[in-house]
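Below is one structure, written out as structure tokens; the observations come after it.
A short reminder: the numbers here are calculations on the coordinates, not readings from a lab. No experiment lies behind these values; they were computed from the predicted model shown. Reconstructed Cβ throughout: ideal geometry from the backbone, glycine too, with neighbour counts over all protein chains shown.
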Amino acid sequence: MKVWLWRAALLLVALAAWEISARMLNPMLYVGPSRLPAALGRVLATRDLPPLPGHLWLTLVEIAVAYALAIAGGLWVGFVLGLKQTVGRVYEPLLSTLYAVPSVIWYPSLMLFLGLGPASKIAFGFLLGFFPLTLAVLAGIRQVPATLITVAVSMGAGQWTVFRKVMLPAMVSTLAGGLRTGLALSVVGVLVGELLGARAGLGYVINYAYGLMMTAEYAALVVLVAVAVLLLDGAAALAEQRVKTWTG
Amino acid sequence: MDRLRLLTWQALSVAALVLAWEAAVRWRVVDPLFVPAPSAVLGALRATGGDALPRLADTLLKTLVGYALAVGVGVPVGLVLGSRPMAHAVVMPFLVALYGIPKILVLPWIALIFGIGLSTAALSATVFAIFPVVVLVAAGTRDVDPTLVTVAASMGAGRWQITRKVLLPAVLPSVLTAMRVAMVFALLGALIAEMLAGNRGMGFQMQRMALAFRAPELFAATVIVSVVSIAVVLFLEHLNRRLGRWR
Amino acid sequence: MTPGAPIVVDGVSKRYETPTGSVPAVDAVSLTVRPREFVSLLGPSGCGKSTLLGMIGGLVRPDAGRILIDGSPISGPTPTKVALVFQDPGLFPWRTALDNVGFGLELLGVPAARRREIALGLLGPMGLKGFEARYPRELSGGMRQRVAIARALALNTPILLMDEPFGALDEQTRLLMGEWLVEVRRRTERTIVFVTHSLHEAIALSDRIAVMTARPGRIKDVVEVPLPYPRALDGPDAVALHAKLWAKIREESLRAMEGTA
């Protein structure tokens, strides 16, 4: 109970500080929370900015496709590396090394190769979401207790049965975590792609507003996107919790 | 499979990939305008190598400034949060929420205020790196074995002595891990800032080459940044191992 | 060697606040430990023996009653008089065995050379010669516990409190450590209060055994162990004592089991 009170207090103090400091500084550059709702209304109504709904839809489609590809690719590579011991031992270190490279450096090449349209955004979203999924599959396979497999084998289960009835159920909660992280990263990938070079999409609209120095509208959009991303991750977290309680 | 065979397989795989790539471009399976041949990339590396150094130095400078800020602020904050359960419980959800928001969203605003150049990129590096630092250090501080604190207290250690002789050494591995992770994030932040709103540095260069369809130069720059990044991470991991012999 | 100091526990009680209410851990316990005596606190799980030990060590404040060490009441950890050893050796993983032993001395400002001298002097007779520069992760469970005991002995206190120090070790190691502790005790003349739930251990090591009841912990009985060291646990006296102790403790153990079930 006390914790919630403190959190509410912290939130209120932060919002108040934001509002007060914004009012004291240049309104062209600093936008307090009180100006945001009106700015959001303007974003939807104005002709100076590209129409939001169409671009929002495009972004959502890009995210969906990127995520689907990331799941497919991540699961496939993860299982190949995880189940085929020798292949895994050769290629997993190479994969980990790639992880040490800041992901954004691949984006200019994707822009060059796929252009400024949705393809490069989908590709980048796929690239970012792919890693956590692969890692989750690998981790999931590793944490399956060896005793469970031994029990199944001792009862006469074949390789495929062991995989289906022992490994997969034992991996589900780790996979759920990977799915959640993969979603978050696919979203980030698409947004980054749109902000760095695009002709359409939510990121494009944000860049547009920033380019026209429509700071309030830009801030409103950013808050909107931030809230949307948090809600999405919150939903994913709930789903992950559900999976964990089912499988224990 | 022993280490030598492993390394041989890895080297052969990479070599095979590069050869296949070269062949694909030579035989026009892929358009050299979009995908440059490895030989062309090599040529570009030789040609632009000289210019790359100052650009790289620029990016690294921004990275290091942002990194220093992130670590300098993040580690103490993490220590405080980790050692006070109430503060931790209250603040953590906000931190996790802030961490989950794509940080690139605030970069245009930072660029608006600080302009195109070092400050924006360094600040961007800080923003990207500070969250993992705080989270990792706070977690490491919370994980300190309470028995160790009890042992010290039973021997009459005062508050300050306990902090200095028990908490700080116990937390060191987490701090080192956080510092290692922060480096990649800081570099990421600096590069993104350069791509979005920069006029110098490797990120800006890559963006420029991409928009000019100069594929060999772009790939050359990408290779340079990748190699430097991997080298830095490997070095930090090596440092980590040497400083943590007792683990 | 400082000769052991007496401990007087006078009507001490302690309650713990839990979300579901207040739980009595120790209830009006009085006990006197004579100088240089080895007293075991024997009782079922949850009977408050660790809490009692914590109070003697100054780590836990009693709600009622007082504790006198060497004639004076205590109000907190007294590293000049009392040293503790816990079930978890609690060695600092970033310090070598030698530096771990010297920790308490370091807090008191003893110079490095002297600390090293004392630590080496303690580790050698414990069979840890050659392991001084090792880190805890390189030592076995029994070795770690010996280093922890050496660390406590380094403070050269008249009183040593031990809370199930061998509880995490396997049976064979536990028996050997018990024999070794008897040796250490013979050489150092300290007052030792030893918490255990093992009858064998209590009989093998102690001059007197204080049997505690299940929660809330009270002293049910104090039994003398007039056997000469080294003790043969299969001798007739020991066996009779074991039966007598088990009779006292059995019903407490049952109550403890039912209480927590």
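For chain B, which span is the longest to avoid every loop-located (per DSSP) member of chymotrypsin sites (Phe, Trp or Tyr not before Pro) having at most 13 other Cβ atoms inside 10 Å? Segment B:28-212 is the longest. Exceedance of the 23 Å cut-off in Cα-Cα distance is limited, within the set C:Lys49/C:Lys244; A:Lys121/A:Lys244; B:Lys62/B:Lys103; C:Lys49/C:Lys129; A:Lys2/C:Lys49; B:Lys165/C:Lys129, to A:Lys121/A:Lys244; C:Lys49/C:Lys129; A:Lys2/C:Lys49; B:Lys165/C:Lys129. Count the net charge of all other residues whose Cβ sits under 13 Å from the Cβ of C:Arg146, scoring Lys and Arg as +1 and Asp and Glu as -1. With Lys, Arg at +1 and Asp, Glu at -1, the neighbours total +2. As a proxy for reagent exposure, ranking C:Thr32, A:Thr59 by other Cβ atoms within 10 Å from fewest up yields C:Thr32, A:Thr59. Which net charge results when you count Lys and Arg as +1 and Asp and Glu as -1 among the other residues whose beta-carbon is under 9 Å from that of B:Gly201? Counting the neighbours of B:Gly201, the net charge comes to +1.
Label-to-label distance, A:Ala68 versus A:Leu12, with points set 7 angstrom from Cα along the beta-carbon direction: 4.7 nm. With θ taken as phi - 60° and the Karplus curve 6.51 cos²θ - 1.76 cosθ + 1.60 applied, the whole-hertz 3J(HN,Hα) list for the stretch B:33-41 is 5, 9, 10, x, 5, x, 5, 5, 4 Hz, x standing for glycine and proline.
If Lys and Arg each add +1 and Asp and Glu each add -1, what is the summed charge of the other residues whose beta carbon sits under 14 Å from the beta carbon of A:Leu36? Taking every other residue near A:Leu36 into account, the sum is +1. Whole-Hz Karplus values for the stretch B:10-23 come out as 5, 4, 5, 4, 4, 4, 4, 4, 4, 5, 4, 4, 4, 4 Hz, taken residue by residue from phi with 6.51 cos²θ - 1.76 cosθ + 1.60 and θ = phi - 60°; glycine and proline positions read x.
When the helices of chain A are scored as -39500 (n - 2.57) per DSSP H run of n ≥ 4 and the total is divided over every residue, the value at 222 nm lands at -27000 deg cm²/dmol. The simple Förster model, with R0 at 60 Å and r as the Cβ-Cβ distance, assigns B:Ala23 and C:Ser75 a FRET efficiency of 0.15.
Each of C:Ala113 and B:Val96 was given a label point 7 Å from its Cα along the Cα-to-Cβ line. The distance between the two points is 5.6 nm.
Can you compute the modelled spin-label distance between B:Thr8 and C:Glu183, with each label point 7 Å from Cα toward Cβ, in nm? Rounded to a tenth, the inter-label distance reads 5.3 nm. Shape of the protein assembly as shown from the C-alpha gyration tensor: prolate (a/c of 1.5 or more and a/b above b/c, with a ≥ b ≥ c the square roots of its eigenvalues).
Kirkwood analysis of the Cα pair distances in chain B returns a hydrodynamic radius of 20.8 Å.
For the stretch B:39-243, the relative contact order works out to 32 percent when only alpha carbon pairs closer than 8 Å and six or more residues apart are counted.
Taken along its principal axes, the alpha carbon cloud of the stretch A:36-247 reaches lengths of 70, 38, 24 Å, longest axis first. From least to most packed, judged by other beta carbons within 10 angstrom and beginning with the fewest, C:His242, A:His55 follow the order C:His242, A:His55. In this Cβ point-charge picture (+1 for Lys and Arg, -1 for Asp and Glu), chain B has a dipole of about 540 debye about its Cα centre.
In a DSSP loop and with at most 16 other Cβ atoms within 10 Å, the trypsin sites (Lys or Arg not before Pro) in the stretch A:11-66 are A:Arg47.
Separation of the stretch B:1-67 from the stretch C:1-69 is 70 Å, based on Cα centroids.
Counting beta carbons within 10 Å around each of B:Asp58, C:Asp234, B:Asp31 and listing the fewest first gives the order C:Asp234, B:Asp31, B:Asp58. Straightening the chain between B:Ala57 and B:Val30 buys 6.4 nm, computed as 0.36 nm per residue apart minus the Cα-Cα spacing. The GluC sites (Glu not before Pro) of the stretch C:150-194 that DSSP puts in a loop, and whose beta carbon has at most 16 other beta carbons within 10 Å, are C:Glu189.
Once the chain from C:Leu176 to C:Arg61 is taken as fully extended at 0.36 nm per residue, the excess over their C-alpha distance is 38.0 nm. Once the Cα atoms are used to define both axes, helix C:112-123 deviates from the longest principal axis of chain C by about 60 degrees. Can you grab the distance from the C-alpha centre of the stretch A:138-182 to the C-alpha centre of the stretch C:112-169, Å, no decimals? If we compute the Cα centre of each part, the gap is 44 Å. Amide H contacts of C:Ala64 (H built 1.01 Å from N, in plane; Pro and chain starts excluded): C:Ser13 sit under 5 Å, all sequence-distant by 5 or more or on other chains.
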